[in-house]
1. Among Tyr57, Tyr41, which is the only one that is hydroxyl-bearing (Ser, Thr, Tyr), outside any helix (DSSP H, G or I) and surrounded by fewer than 18 Cβ atoms within 10 Å (Cβ to Cβ)?
2. Inside segment 1-38, can you point out the residues that are loosely packed, with under 13 Cβ neighbours inside 10 Å and either aliphatic (A, V, I, L, M) or in contact (Cβ under 8 Å) with a residue 60 or more places away in the chain (or both)?
3. If only one of Ser59, Ser26 is among the polar types (S, T, N, Q) and at pLDDT 95 or above, which one is it?
4. Does Lys48 fit the bill of being surrounded by 13 or more Cβ atoms within 10 Å (Cβ to Cβ), free of Cβ contacts under 8 Å to residues at least 24 places away in the same chain and touching a helix residue (DSSP H, G or I) at 6+ places or on another chain (Cβ under 7 Å)?
Amino acid sequence: MLTTKITFALADWIRGWRKCWDKNPSIDECVQFVEWKLEDYKLSDSDKRIIESILLYESE
């Protein structure tokens with residue numbers, strides 16, 4: 001389950017990625033970031049949809 005702390009960290013990471021690379025990260029890169037933050041937690045399909053929504057919201 002994604003916590004508020006993780007979702008905020010993901011949003012910050014996406015903004016930082018855009019500043020550095022001048023493009024949005026892929027959904028796979030976002031999923032990797034969250035898996036890295038959560039360590040041994042397996043993401044559900046619902047979690048992945050939330051990650052995709054955050055990416056879309058933070059995208060320009």
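The values are calculated or read from the model by the stated rules, or taken from the named source; none is laboratory data. Note that the structure is a prediction, hence the values are computed from the model and not measured. Cβ coordinates were reconstructed from backbone atoms using ideal geometry, including for glycine residues, and neighbour counts include every protein chain displayed.
1. After ruling out the rest, the residue left standing is Tyr41.
2. The one that is loosely packed, with under 13 Cβ neighbours inside 10 Å and either aliphatic (A, V, I, L, M) or in contact (Cβ under 8 Å) with a residue 60 or more places away in the chain (or both): Met1.
3. Values: Ser59 fails: at pLDDT 95 or above.
Only one candidate passes the filter, namely Ser26.
4. The answer is yes for Lys48.
The rows are residues; the columns are (1) of a type in the set (Ser, Thr, Tyr); (2) in a helix (DSSP H, G or I); (3) touching a strand residue (DSSP E or B) at 6+ places or on another chain (Cβ under 7 Å).
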position	(1), (2), (3)
Leu2	no, no, no
Lys5	no, yes, no
Glu29	no, yes, no
Ser46	yes, yes, no
